[in-house]
């Protein structure tokens, strides 16, 4: 007998985990977020299948959970037993791959900024669409996105080079 | 630039593979675990209700303190070191690597210690200072900035000035925290003062623990991020059974009422709030404005630690009221408007 929920999870799980990693800035937390959301999807399965869109529902649950957690400041942050020193200039790109650098930069952002950044620039949603999804004002979305970009472009930030290269390329 | 950001984000997760090779099984196990927790909680609730609904009744009237929960959750607020963490009440603060923990002692020489957590007991603390100090809070009521009263401004307890509202935060684990200064404020900015000359206070009202921080906002944030506190003080707002006056302090004004009919209406409004917020759903954050409501019992001295403070984080999709003695509820705009109207302040 076919198991539509199992098939859905098996086929979409990797993509959902990747989305969770972006929303949280961490692989492990991203997988937790995806699993928690899938539990809710299972509970809502009767109204999501076959007419509904279970993946959109799952992503929505993940987004809202990450946003709520972000509002609490630190739920998805990784408790640090060691207070990290600032990296020396140029340390990051040489020692780590781009994926690690980007995830580290995402982790450094306040979670609400991270969620807005992902929705705005990765999912390509408009400020109004994000505001509707998160239940906040468009102004809040705009300010969070702006702060996130400013932080990522910061001269001493790990992604400064990436943005600089881009700017040069477009000249 | 938009395209470049998208490329970077794509690249960040492109090679990421889930840890679980059996995602369906993992989800099913997680779902069952959640159901077990819900069932266990329902069982506990049922037991409590069958036992007479005593606790619920006490919370509504505020007649008695919360029951102590076994298992180390609600323990002494006196700070101590357990398994590499500073523990006080429900709070657990991991000791950062390279840091030390010193117990305050009047016999020690006076100094300000860097990379140190100072544990302050109930006796004389001496004259040592550290960049992080943990103590049992003398009061569950939060501090704030004193705004001097205008001359001839009545005879209220505010005659000597009003205390502004603290910054509401939610710690990992769910306990509400009240900061005296916003970590992102100008006064907490890195480089503004010499090292150790900053001062901020984090009050955990439900644990009755005070964490004093003498570092800039960035360093404070790292310490606060590492704190976990899972209290058992949710539920409806715990309020005094008998109330003499209520005071509401907003950023742009305050109001006090002590006439019994109005006080009664305010208390009924507060006690009628039953949309409780679970620890996992709490979301008050520093971006929100906070309103301070002081509920004064008849004696002995209004405005002292006998009072119960309710801090309301307003707006931004997360309007929560937290009582200093326990309880956290979601407040509607209508309720907040009604509260302001009763106290005669704000946008009536």
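No value in this document is a laboratory result; all are computed from the given coordinates. Here the structure is a predicted model, which is why all the values come from computation and not from measurement. Don't worry about glycine lacking a Cβ; one is built from the backbone with ideal geometry, like all the others, and counts go over all protein chains shown.
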Take residue B:333 and residue A:7, extend 7 Å from each Cα along the Cα→Cβ direction, and tell me the distance between the two endpoints in nm.
4.5 nm
Residue B:14-residue A:154 pseudo-label distance in nm [points 7 Å out on the Cα-to-Cβ vector]
2.7 nm
Taking the Cα centroid of region B:99-144 and of region B:235-290, what is the distance between the two, rounded to the nearest whole Å?
32 Å
C-alpha center-to-center spacing [region B:193-214, region A:19-70] in angstrom
36 Å
By the mean-Cβ-within-10 Å protection proxy, highest first, A:112-123, B:6-17, B:216-227 rank as A:112-123, B:216-227, B:6-17
Whether region B:161-264 is rounded, prolate or oblate, judged on the alpha carbon gyration tensor where a/c under 1.5 counts as rounded:
oblate
Sort B:103, B:309, A:58, B:116 by Cβ crowding within 10 Å, fewest neighbours at the top.
B:103, B:116, B:309, A:58
Say each of residue B:289 and residue B:268 gets a label point 7 Å from the Cα, pointing the same way as Cα to Cβ; how far apart are those two points in nm?
2.9 nm
Can you pull the mean other chain C-beta count within 10 Å for peptide B:170-181?
2
Count, for each residue of A:98-106, the Cβ atoms from other chains sitting within 10 Å of its Cβ, then give me the mean as a whole number.
4
Residue-span extension gain [residue B:124 to residue B:218] - 0.36 nm each, minus C-alpha spacing:
30.8 nm
